[in-house]
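In what follows, a single structure is set out as structure tokens and then discussed.
The values are calculated or read from the model by the stated rules, or taken from the named source; none is laboratory data. What you see is a predicted model, and the numbers here were worked out from it, not measured in a lab. In this analysis, Cβ positions are derived from the backbone assuming ideal geometry, glycine residues included, and neighbour counts consider all displayed protein chains. Only protein heavy atoms, including side chains, enter the accessible area calculation; ligands, DNA and RNA are left aside. Shrake-Rupley method; radii C 1.70, N 1.55, O 1.52, S 1.80 Å.
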Amino acid sequence: MSLRLPSCAGLSRAFEEAPLGTAERVDTWLLQELPAPWIRDPLTDPHLPAPLYDRARSFLRETQHPRVVFIRRDACVLKPTIIRVRSAGTPPTTEIVAPLDEAGVVSMGDRLLFLVCTHGQHDSCCGTFGYPVYATLRALAPADVWQCSHIGGDRFAANIVVLPWGLYFGHVAVSEVEVLVEHLRRRDVPLRWFRGRSTLSRPAQVGEIYLRREGILHGMQPPRVTSVERRSDSAWRVVIHDATNAFSVDFREERAAVARRLTCGATEEGMPREYRLLSVQKQAAI
């Protein structure tokens, strides 16, 4: 009799893992609609339409901190949607580039776009936890919600990325979707599920989250990070500015005490990073 192992997302929740500082580093996104089932790495699928493959490869070659994500809603699509998002822009922007055979670009400005990872062929947790959250979220915002391929952090399923800001949220349950959407529509970042911001390095993400927990940062605008310093093997200092002041955030990076599977497909256990806040100090504005 085979032994059924607990899922990676189930383990993450059981250990009460805090997902802070786990957003993937992405400045610019290329979202390509592909309604067919996604294999583990859709870019290697021999059945991937040539225009989607060529556009993705060109984008990856020419763009700094890029990510190609496949999206879908319906089983049959005559003219696939292509969306380009610049999360690192000032301000961030979202553009509907095409159906492939039409000219012209339609700007969505900073209208919120929700991606929910349902990529079960990459990790079963993404399908198991992701699809019910997608269905619930789409009922609330049908024009602005897509299923998406892998975006990182399988064990934090259900995972949501909110564009154009590049905000990652994890461990979202169906019963929590409405509250999360209410926060986001007010341009408020709900910290309970916040993993980090894709346009920042992981230490800077941790610094932003700690300042938000202290009630210093508000809204969706990215913070101005002027310094990220590794002070020892485990100690970090991040300097972040709000409108009038600079704050130094000191924290320690550690490894979890108990090893566990970090993805459902992992053949070895790992020990995820954990962070412990040491201090927040207000400095003179520069």
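Summarised as an ellipsoid, the range 188-258 has semi-axes of 20, 16, 10 Å, derived from the eigenvalues of the Cα gyration tensor scaled by 5 and square-rooted, with the largest first.
Here the chain exposes an accessible surface that is 51 percent carbon and sulfur, computed with a 1.4 Å probe and the other protein chains kept in place.
Normalised by the number of residues in the range 151-286, the mean separation of alpha-carbon contacts (under 8 Å, six or more apart) gives a relative contact order of 17 percent. Using the Karplus relation 6.51 cos²θ - 1.76 cosθ + 1.60 with θ = phi - 60°, the per-residue 3J(HN,Hα) values for the range 232-239 come to 7, 4, 10, 10, 10, 10, 10, 10 Hz, with x marking Gly and Pro. With coordinates expressed along the principal axes, the C-alpha atoms belonging to the range 127-169 extend over 26, 25, 15 Å, beginning with the largest.
Over all other residues within a Cβ to Cβ distance under 9 Å of Ile83, the charged ones net out to -1, with Lys and Arg as +1 and Asp and Glu as -1.
What does the helix-only formula give at 222 nm for the chain: each DSSP H stretch with n ≥ 4 adding -39500 (n - 2.57), the total divided by the residues, and the result rounded to the nearest 500 deg cm²/dmol? It comes out at -6000 deg cm²/dmol, rounded to the nearest 500. The mean sequence separation of alpha-carbon pairs under 8 Å and at least six residues apart, normalised by the residue count of the range 42-195, gives a relative contact order of 18 percent. What the pair-distance distribution of the range 82-152 shows, using all Cα-Cα distances binned every 10 Å from zero, is 19, 38, 35, 8 percent. With an a/c value under 1.5 for the gyration tensor axes a ≥ b ≥ c computed over the alpha-carbon atoms, the range 131-197 is described as rounded.
When both bridge partners sit in the chain, DSSP labels roughly 85% of those beta bridges antiparallel. Label the range 1-154 by shape, choosing from rounded, prolate and oblate, from the square roots a ≥ b ≥ c of the eigenvalues of the Cα gyration tensor; if a/c is under 1.5 it is rounded, and otherwise prolate applies when a/b is larger than b/c, oblate when it is not. Here the range 1-154 falls in the prolate category.
If R0 is taken as 30 Å, the Cβ-Cβ distance between Leu191 and Arg57 corresponds to a FRET efficiency of 0.20. When the Cα positions of Pro142, Thr63, His47 are compared along the charge dipole of the chain, Thr63 comes out farthest toward the positive end, with charges on each C-beta of Lys, Arg, Asp and Glu. Under conditions of 20 °C and 1.002 mPa s, the chain yields 108 µm² s⁻¹ as its translational diffusion coefficient, taking Rh as the Kirkwood radius over Cα pairs in the Stokes-Einstein equation. Along the range 23-35 the Karplus relation, 6.51 cos²θ - 1.76 cosθ + 1.60 evaluated at θ = phi - 60°, assigns HN-Hα couplings of 5, 5, 7, 9, 9, 9, 10, 10, 9, 10, 6, 9, x Hz to successive residues, with x for each Gly and Pro. A cut-off under 14 angstrom between Cβ atoms defines the neighbours of Thr22, and their net charge, with Lys, Arg +1 and Asp, Glu -1, is 0. A crude spin-label estimate for the pair Gln221 and Arg273, with each label 7 Å from Cα along the Cβ direction, gives 2.7 nm. In this structure, the amide hydrogen of Ala98, modeled 1.01 Å from its nitrogen in the peptide plane, lies closer than 5 angstrom to those of Ile82, counting only residues at least 5 positions away or on a different chain. Take every Cα pair under 8 Å in the range 1-107 that's 6+ residues apart, average their separations, divide by the length, and report that relative contact order as a whole percent. Relative contact order for the range 1-107 comes out at 28 percent. Taken along the Cα-to-beta-carbon direction at a fixed 7 Å, the label points for Arg230 and Glu95 span 3.6 nm. Here the Gaussian network model covers the chain, with springs between Cα atoms less than 10 Å apart; of Thr90, Thr22, Thr263, Thr90 fluctuates the most. Taking a ≥ b ≥ c as the square roots of the Cα gyration tensor eigenvalues, with a/c under 1.5 meaning rounded and otherwise prolate when a/b beats b/c, else oblate, which class fits the range 69-197? Note, shape of the range 69-197 comes out oblate.
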